[in-house]
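As structure tokens, the structure follows; a few thoughts come after it.
The values are calculated or read from the model by the stated rules, or taken from the named source; none is laboratory data. Only a predicted model underlies this, so the values are computations on that prediction, with no experimental measurement involved. In this analysis, Cβ positions are derived from the backbone assuming ideal geometry, glycine residues included, and neighbour counts consider all displayed protein chains.
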Amino acid sequence: MNMHTLSILVQNRPGVLTRCAGLFARRGFNIDSLAVGRTEDPSRSRITIRVDCAQHSVDQVQKQLYKLIDVLKVQELGQSAVELELMLLKVTSAPERRPEIISLAEVFEAKVVDVGPQAVTFSCVSSPDRLQALEELMEPYGIRELVRTGRIALDRDGELGRRTRMRVVA
Amino acid sequence: MDSETPITGAEAIIRCLEAEGVTDVFGLPGGAILPLYDAWAACDHTIRHYLVRHEQGAGHMAQGYARATGKVGVAIATSGPGATNLVTPIADAYLDSTPIVCITGQVQTHLIGTDAFQEADIQGITMPIVKHSWLVDDVRDLPRVFKEAFHIARTGRPGPVLIDVPKDVQLTPFAFSYPKQVDIPGYKPSKHGHPRQIIQAAEAILAAERPTFYVGGGAVHSGVSQEDLIRVADAAQMPVVTTLQAKGAFPDSHPLCIGLPGMHGSKAANWAMNRCDLLIACGARFDDRVTGKLDAFAPGAKVIHMDVDPAEIDKNRQAQIPIVGSLEHVIPKLADSLESRANGGPPRAAEWLATVREWKREHPFRYRNTEPLKPEFVIERLRELTRGQDVIWTTGVGQHQMWAAQYLEIDLPRRWLTSGGAGTMGYGVPAAIGAKVGRPDAIVINIDGDGCFQMTMQELATARMYGIAAIHVVVNNGWLGMVRQWQELFHDERFSETLFEPDLPDYVKLAESFGIPGFRCEQTGEVDVAITAALECGQPCVIDARVDHEEKVYPMVPAGAPSAEMIDIAWAEDDNAWVEEGV
């Protein structure tokens, strides 16, 4: 595994996600996670993608992305980037164990979003690593359902552009 | 081009084509594209439409037209199966970087997604094989989309684009105005190449002891002048290999040219690439048919890689000196740089050049010219009987294509149209028709195989209807010859499903049924008669050349083998010595 996080700024047009995702599939780049949404400019969207570059260089991935007409900019985000992900987690919880589970979740700043007779549902926004830790901690109680958004990320102020691979324009 | 009164989307498409200078299009109507065809008949315009017999033919004709003329080819089809029949030409154009605009009808916008009659998501189907595509759901976008489509198709690394236009959009009136400029924020192809890199390349070339100039199809598509390519080669006095797509970009008859590398390339070309200490790639993409086993390819070479597409740099082979830019701009600057640095003394590479020339002299392409009639002989006679004339050659894919590449001599670009990357059987007939439409002054000869010819031969009807006088030579061995060759060499002669039979159909009668002449030759003595008759008849025609089905294409690099290790038939001299030495 050789994971890289790419932040891809695209024109907000029909099919743009298919074009990007299709490119990854057909060139044999494995996607670990993918999140897409609009940016501060409604005509543009940002796709945040974690890609396994064991087979191909991240450089080649970026160059292929740049060939898509709707792709405006591709940045590789470094270790210092702010990376967050949302997880929803439904944990089996008999009434007597509820306080224990909730207090455990609080350590991770997870919020209770639903309580039922036999289960509690949490939401948690955190780094992918911490979400993983929360999941492992809840495992013994019984995880009924779990969903993650895929990470979104931004470079920290001042970092922007340093790792930006600008289009090669001579 | 602006209209005072509103016009329909259909008429707007015609005005867009006019605005782009289009004079010829190839297509076939159907339900969802009917409004466009209605406007075609109703409006005043001067664009000629060629009615094809199968949409694949329209696509390949547009390709042949584009590659022969350097202009953008246009193909039109209806929705559903009409559009999917364009998929093969689009894939072919994508791999060989041919600029074509495909216009497809689509079901009405309110029916999209309902599995309506003749509905196919052609934009989705073609997404991996287009440079870009559009589904136009608002008629007001049509002019901008056409402007962008032609711009994207022809600039940078050229390629196919697709415009899908729903029927109701074609029928909607609007105030037409064609944009003068194109503004695509995500599309800025590199042009000039980094000056420092170009200087570095020139210095490396002059310092090299064994440089080899590896010229690819980009040298044709970019429009770089042949004179500038020759200046580069001359300044360094280095051998030049031209890939299948580059045949003619650099003159075959030039003393520095050693021709075709790769799977069926010459020994000289493959050895030159493998033994060089500097490989100067120019619009070439290190395709597996050229390199053979990649790890073993040109093991001692540093690489200069010039290409307009940055994604080609380091894709298959690491480049020490990458230059991203249009060859049209890069090559003249490289030539200037080389010429200003050459000190006038003998080039360092003189000894190397002598060695490569010796290889070329000792190992030409050759065959034993005995009966039954040899396909190589037919191609040599075609070459000789048209020598000195302006000939555009097209081919299908397979043995005949490789023999044509080996035995034809082509000295100018855009005279050799062949399906390389995709290897599309059936390319030859329609590509020849498209080329002849674009270049009616040239002799156009399609060297085809019997397997390929049968895939698109219905376009002889198109040729006959419009009097498009390309000559179609069926190199007829009655087999899927290249597959047969692999079966013979690598599959213990199990000839599984490759026999076609030379009389099925009777190609002379077939030609006659289309109302065009057919000529047959079965022996060496009959070849010139048939070719001369075909050249003189002034109409589209077919030559059925019955050739030896056991003849194979040599030399050959087996798939996945190092390209320096070619197999060949045993000649009197021991010319496989190099292989055993392990070049």
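Let's see how each residue does on (1) more than 15 Å from residue B:331 (Cβ to Cβ); (2) in contact (Cβ under 8 Å) with a residue 60 or more places away in the chain; (3) among the basic types (Lys, Arg); (4) not assigned by TED's automatic domain parsing to the domain that holds residue B:305:
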position: B:180; (1), (2), (3), (4): yes, no, yes, yes
position: B:183; (1), (2), (3), (4): yes, no, no, yes
position: B:203; (1), (2), (3), (4): yes, yes, no, no
position: B:233; (1), (2), (3), (4): no, no, no, no
position: B:249; (1), (2), (3), (4): no, yes, no, no
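Would you check which residues across the stretch A:11-55 are in a loop (DSSP other than H, G, I, E, B), more than 9 Å from chain B (Cβ to nearest Cβ) and not β-branched (Val, Ile, Thr) and list them? Can you show your working first?
To start, the set of residues in the stretch A:11-55 that are in a loop (DSSP other than H, G, I, E, B) comprises A:12-15, A:27-29, A:39-43, A:53-55.
Imposing the further condition that a residue be more than 9 Å from chain B (Cβ to nearest Cβ) reduces the set to A:12-13, A:27-29, A:39-43, A:53-55.
Correct list: A:12, A:13, A:27, A:28, A:29, A:40, A:41, A:42, A:43, A:53, A:54, A:55.
Here is a list: A:89, A:104, A:134, A:146. Which entry is modelled with pLDDT of 95 or more, in a helix (DSSP H, G or I) and not assigned by TED's automatic domain parsing to the domain that holds residue A:9? So that I can check it myself, show each step before the final result.
Values: A:89 fails: in a helix (DSSP H, G or I); A:104 fails: modelled with pLDDT of 95 or more; A:146 fails: in a helix (DSSP H, G or I).
The unique qualifying residue is A:134.
All but one of (1) away from chain A (no Cβ under 14 Å); (2) charged (D, E, K, R); (3) in a helix (DSSP H, G or I) hold for residue B:371; which doesn't?
Looking at each condition in turn, residue B:371 falls short on (3).
Go through the stretch B:430-456 and count every residue that is part of a helix (DSSP H, G or I), surrounded by 24 or more Cβ atoms within 10 Å (Cβ to Cβ) and either among the charged types (D, E, K, R) or more than 13 Å from the chain's Cα centre (by Cα) (or both).
Here the count works out to 9.
Any chance the stretch B:180-200 includes a residue that's among the small types (Gly, Ala, Ser) and modelled with pLDDT of 95 or more?
Initially, the stretch B:180-200 is screened for residues among the small types (Gly, Ala, Ser), giving B:186, B:190, B:193.
Next cut, modelled with pLDDT of 95 or more only: none.
No, the conditions are met nowhere in the stretch B:180-200.
So for the stretch B:434-443 (the condition being within 24 Å of residue B:263 (Cβ to Cβ), in contact with a strand residue (DSSP E or B) (Cβ under 7 Å, 6 or more places away or on another chain) and touching a residue at least 60 places away in the same chain (Cβ under 8 Å)), does at least one residue qualify? Walk me through it before giving the result.
Step one: filter the stretch B:434-443 for residues within 24 Å of residue B:263 (Cβ to Cβ), giving none.
The answer is no; no qualifying residue exists.
Tell me which residues, restricted to the stretch B:210-242, are within 18 Å of residue B:342 (Cα to Cα) and modelled with pLDDT under 95.
The answer is B:234, B:235, B:236, B:237.
Collect the residues in the stretch B:1-49 that are in a strand (DSSP E or B) and of a type in the set (Ser, Thr, Tyr), keeping them in residue-number order. I'd like the intermediate steps shown before the answer.
Step one: of the stretch B:1-49, the residues in a strand (DSSP E or B) are B:7-8, B:24-27, B:48-49.
Hit for the stretch B:1-49 is B:8, nothing else.
Those residues that are away from chain A (no Cβ under 11 Å), crowded, with 22+ Cβ neighbours inside 10 Å and over 21 Å from residue A:70 (Cα atoms), I need them from the stretch B:161-198; list them, please.
B:166, B:167, B:169, B:170, B:176
Does residue B:482 meet the test of being under 20 Å from the mean Cα position of the chain (by Cα) and either among the polar types (S, T, N, Q) or surrounded by fewer than 24 Cβ atoms within 10 Å (Cβ to Cβ) (or both)?
Working: under 20 Å from the mean Cα position of the chain (by Cα): yes; either among the polar types (S, T, N, Q) or surrounded by fewer than 24 Cβ atoms within 10 Å (Cβ to Cβ) (or both): yes.
Answer is yes for this residue.
Please go through the stretch B:199-222 and pick out each residue that is assigned to a helix (DSSP H, G or I), over 22 Å from the mean Cα position of the chain (by Cα) and away from every other protein chain (no Cβ under 14 Å). Before the answer, list the steps.
At the first step, the residues of the stretch B:199-222 found to be assigned to a helix (DSSP H, G or I) are B:199-207, B:218-221.
Within this subset, residues satisfying the condition of being over 22 Å from the mean Cα position of the chain (by Cα) are B:199-207.
B:202, B:203, B:204, B:205, B:206, B:207 - these are the residues of the stretch B:199-222 that are assigned to a helix (DSSP H, G or I), over 22 Å from the mean Cα position of the chain (by Cα) and away from every other protein chain (no Cβ under 14 Å).
So is residue B:104 more than 23 Å from residue B:52 (Cα to Cα), hydroxyl-bearing (Ser, Thr, Tyr) and either modelled with pLDDT of 95 or more or surrounded by fewer than 20 Cβ atoms within 10 Å (Cβ to Cβ) (or both) or not?
Working: more than 23 Å from residue B:52 (Cα to Cα): no; hydroxyl-bearing (Ser, Thr, Tyr): yes; either modelled with pLDDT of 95 or more or surrounded by fewer than 20 Cβ atoms within 10 Å (Cβ to Cβ) (or both): yes.
When the stated conditions are applied, residue B:104 does not pass them.
Assuming residue B:153 fulfils every condition listed in (1) within 12 Å of another protein chain (Cβ to nearest Cβ); (2) surrounded by fewer than 24 Cβ atoms within 10 Å (Cβ to Cβ); (3) in contact with a strand residue (DSSP E or B) (Cβ under 9 Å, 6 or more places away or on another chain) apart from one, which condition is it?
Result: residue B:153 fails condition (2) only.
For the stretch B:242-284, give me each residue that is surrounded by fewer than 23 Cβ atoms within 10 Å (Cβ to Cβ) and of a type in the set (Lys, Arg).
B:275
From the list B:319, B:296, B:342, exactly one residue is more than 30 Å from residue B:366 (Cα to Cα), surrounded by fewer than 19 Cβ atoms within 10 Å (Cβ to Cβ) and either small (Gly, Ala, Ser) or touching a Lys or Arg at 6+ places or on another chain (Cβ under 6 Å) (or both). Which is it?
Details: B:319 fails: surrounded by fewer than 19 Cβ atoms within 10 Å (Cβ to Cβ); B:296 fails: more than 30 Å from residue B:366 (Cα to Cα).
The conditions single out B:342.
When you check residue B:285 against the structure, is it over 24 Å from residue B:96 (Cα atoms) and of a type in the set (D, E, K, R), yes or no? First the steps, then the outcome.
Details: over 24 Å from residue B:96 (Cα atoms): no; of a type in the set (D, E, K, R): yes.
Spelling it out, it is not the case that residue B:285 is over 24 Å from residue B:96 (Cα atoms) and of a type in the set (D, E, K, R).
Which residue pairs have Cβ atoms under 6 Å apart, sit 6 or more places apart or on different chains, and have a first residue in the stretch B:251-279 that is under 24 Å from residue B:569 (Cα atoms) and a second that is assigned to a helix (DSSP H, G or I) and basic (Lys, Arg)?
If the second residue must be assigned to a helix (DSSP H, G or I) and basic (Lys, Arg), the pairs left are B:258/B:360; B:262/B:289; B:263/B:289; B:268/B:360.
Among residues belonging to the stretch A:60-113 that are within 14 Å of chain B (Cβ to nearest Cβ) and touching a residue at least 60 places away in the same chain (Cβ under 8 Å), point out the one that is surrounded by the most Cβ atoms within 10 Å (Cβ to Cβ).
A:74
Could you say whether any residue in the stretch B:335-344 is more than 14 Å from chain A (Cβ to nearest Cβ) and within 29 Å of the chain's Cα centre (by Cα)?
Step one: filter the stretch B:335-344 for residues more than 14 Å from chain A (Cβ to nearest Cβ), giving B:335-344.
Restricting the remaining residues to those that are within 29 Å of the chain's Cα centre (by Cα) gives B:335.
Yes - at least one qualifying residue is present in the stretch B:335-344.
Quick one: in the stretch B:106-128, which of the residues that are away from every other protein chain (no Cβ under 14 Å) and in contact (Cβ under 8 Å) with a residue 24 or more places away in the chain is nearest to the chain's Cα centre (by Cα)?
Quick first cut of the stretch B:106-128, residues away from every other protein chain (no Cβ under 14 Å) only: B:107-108, B:110-111, B:114-120.
Within this subset, residues satisfying the condition of being in contact (Cβ under 8 Å) with a residue 24 or more places away in the chain are B:107-108, B:110, B:117-120.
On the way: B:107: 33, B:108: 35, B:110: 39, B:117: 35, B:118: 31, B:119: 31, B:120: 28 Å.
The selected residue is B:120.
Limited to the stretch B:364-416, what total is found for residues that are in contact (Cβ under 8 Å) with a residue 40 or more places away in the chain and out of contact with any Gly (no Cβ under 6 Å at 6 or more places or on another chain)?
34
Across the stretch B:299-316, which residue is surrounded by the most Cβ atoms within 10 Å (Cβ to Cβ) among those that are within 14 Å of chain A (Cβ to nearest Cβ) and assigned to a loop (DSSP other than H, G, I, E, B)?
Taking the stretch B:299-316 first, the residues within 14 Å of chain A (Cβ to nearest Cβ) are B:305-316.
Next, from what is left, pick out any that are assigned to a loop (DSSP other than H, G, I, E, B): B:308-309, B:313-316.
Details: B:308: 26, B:309: 20, B:313: 23, B:314: 17, B:315: 20, B:316: 15.
Top of the filtered list is B:308.
With the requirement that a residue be farther than 15 Å from residue B:377 by Cα and among the acidic types (Asp, Glu), what does the stretch B:497-531 give you?
B:497, B:501, B:503, B:506, B:512
Take residue B:328 and tell me if it is surrounded by fewer than 20 Cβ atoms within 10 Å (Cβ to Cβ), under 25 Å from the mean Cα position of the chain (by Cα) and more than 10 Å from chain A (Cβ to nearest Cβ).
Details: surrounded by fewer than 20 Cβ atoms within 10 Å (Cβ to Cβ): yes; under 25 Å from the mean Cα position of the chain (by Cα): yes; more than 10 Å from chain A (Cβ to nearest Cβ): yes.
Considered against the rule, which asks whether it is surrounded by fewer than 20 Cβ atoms within 10 Å (Cβ to Cβ), under 25 Å from the mean Cα position of the chain (by Cα) and more than 10 Å from chain A (Cβ to nearest Cβ), residue B:328 comes out as yes.
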